[in-house]
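Presented below is the structure to which this report refers.
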Amino acid sequence: MNYVRFIATLVVSLMVMFILSLEQVRSLDHFYLNASNFYISLTMVGAMGLIMLGAMWRMFKERQKTLLMAGALAVVLVGGFLTGSDRDIRR
């Protein structure tokens, strides 16, 4: 149950971070959905999840699931960073 709660917390955090990334919109005609805001939110959730997982490592009893979750969070962190970056990484 701890794993489900942890994942649910990260999903809610992702939604809140995405909404907060749109906070600077002054009027509805300035509003547009920007994919980079979502990638920034993914990057933040990946980093936050790894920090939380490291801080609460003993709380999760199944080591294999915990390592799998840490790997998935690392992929989200790096994937969000690389996908959302404006630079061409093939240069």
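Worth a mention:
- Restricting the stretch 44-61 to residues that are at pLDDT 90 or above and not aliphatic (A, V, I, L, M) leaves a set whose member that is farthest from Thr83 (Cα to Cα) is Gly54.
- Candidates Phe6, Phe18, Phe31: the one that is surrounded by 12 or more Cβ atoms within 10 Å (Cβ to Cβ) and at pLDDT below 90 is Phe18.
The values are calculated or read from the model by the stated rules, or taken from the named source; none is laboratory data. Here the structure is a predicted model, which is why all the values come from computation and not from measurement. Note that each Cβ is placed from the backbone with ideal geometry, even for glycine, and that neighbours are counted across all protein chains shown.
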